[in-house]
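Step one of this worksheet: look at the structure below.
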Amino acid sequence: MDNRPIGVFDSGLGGLTVVKSIIDNLPNEDIIYLGDTARVPYGGRSHEMLTSFVHSDFAFLLSKEVKAIVIACNTADSQTRTVMEKYYNIPIVGVVEPAGKQAAEYTKTNEIGIIGTSSTVESNAYPNIIKKYNPDVKVIQVACPLLAPLVENEKTSKDDIVLRKVLSEYLMSFQNTNIDTLILGCTHYPLIRDAIAEFLPDVRLISSGFASTHTLIDLLDNNNLRNGMSHPGRIKYYVTDAPEKFAHSAEMFLSMPISKVELVKI
Ligand code: DGL
């Protein structure tokens with residue numbers, strides 16, 4: 001047993017889709033959430049810049065004495081995971097490998113689509129992971145740089161005309177393909193899942209964040225790290241800018257009241 005909290009971070013709201021999944025599946029765990037809202041979006045940043053951001057995210061979470069860190073951001077995971085694993089001696093769970101594995105095992109047509117930020121697509125992390133599990137798969141990646149900013153601005157309704165216009169442009173790339181699986185390769189995208197599903201009704205959508213919770217459960221179990229308390233876990237939220245705006249959006253997305261959001265410098 002280990003009653004220390006789990007650290008989870010993202011550039012902003014997207015990681016809350018991972019928090020939601022952790023609450024549902026590991027209800028007794030305490031969570032420290034960091035949203036780096038001063039530097040969102042991460043999605044178009046260089047490898048060097050992302051490495052420096054993620055070092056500061058790790059340093060903050062480690063200062064809160066977390067027992068494991070969930071990189072609830074595909075951009076950070078795909079660009080910096082290898083560096084972080086070498087540098088820090090703490091269990092790390094990412095989002096790319098669990099989602100890639102799930103998609104590789106599910107596809108029947110052997111064609112998988114991926115949507116993500118420009119930095120995630122440029123890293124080629126998804127095609128590399130998918131080919132490790134299923135070398136015969138054809139992977140079609142589409143960078144969608146406008147989607148995370150739209151989510152951050154609460155443009156998430158499937159009837160929102162701006163969102164629909166942007167999605168129709170991006171998802172056109174899958175029109176003449178045979179994909180039966182689409183990885184939502186950014187943790188912001190489950191918040192616009194309904195809108196995406198309307199464009200691709202027969203395609204299975206895989207949320208990178210939800211897939212990673214199973215990896216987290218295995219990690220806690222295999223290392224005897226589960227929280228032994230019987231009461232519901234406590235969640236603390238920290239952001240690097242605009243705590244009120246974050247709190248408002250977070251309550252909407254999580255459909256529950258959240259505790260105070262604290263502003264921090266990292
Ligand atoms: N939610 C993040 C991801 O999964 C980052 C989005 C962004 O900040 O651009 O990639």
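Where a number appears in this text, it was derived from the coordinates with a stated rule and is not lab data. Just so it is clear, the model here is predicted, and its values are computed rather than measured. Methodologically, a virtual Cβ is constructed for each residue, glycine included, from the backbone with ideal geometry; neighbour enumeration extends over all protein chains shown.
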Next on the checklist: Out of the residues in region 238-266 meeting the condition of being part of a loop (DSSP other than H, G, I, E, B) and among the β-branched types (Val, Ile, Thr), tell me which one is surrounded by the most Cβ atoms within 10 Å (Cβ to Cβ).
Outcome noted: Thr240
Item to check | Residue in region 171-209 that is nearest to the ligand (Cβ to nearest atom), counting only those that are of a type in the set (S, T, N, Q) and assigned to a helix (DSSP H, G or I) | outcome: Ser208
Checklist entry - Can you name every residue in region 74-93 that is part of a helix (DSSP H, G or I) and away from the ligand (no atom under 16 Å from the Cβ)? => result Thr82, Val83, Glu85, Lys86, Tyr87
Item to check | Cβ-Cβ under 7 Å pairs, at least 6 apart or on other chains, region 65-79 side more than 15 Å from Phe210 (Cα to Cα) and of a type outside the set (D, E, K, R), far side near the ligand (Cβ under 7 Å from one of its atoms) and not in a strand (DSSP E or B) | outcome: Thr75/Tyr42; Thr75/Gly43; Thr75/Thr117; Thr75/Thr120; Ala76/Tyr42; Ser78/Thr120
Checklist entry - Considering only residues of region 42-73 that are within 15 Å of the ligand (Cβ to nearest atom) and part of a loop (DSSP other than H, G, I, E, B), which is surrounded by the fewest Cβ atoms within 10 Å (Cβ to Cβ)? => result Ser46
Item to check | Matching residues in region 16-41 - criterion: being within 13 Å of the ligand (Cβ to nearest atom), more than 17 Å from Pro190 (Cα to Cα) and part of a loop (DSSP other than H, G, I, E, B) | outcome: Asp36, Thr37, Ala38, Arg39, Val40
Item to check | Matching residues in region 114-139 - criterion: being outside any helix (DSSP H, G or I) and either out of contact with any helix residue (DSSP H, G or I) (no Cβ under 7 Å at 6 or more places or on another chain) or away from the ligand (no atom under 16 Å from the Cβ) (or both) | outcome: Asn124, Asn134, Pro135, Asp136, Val137, Lys138, Val139
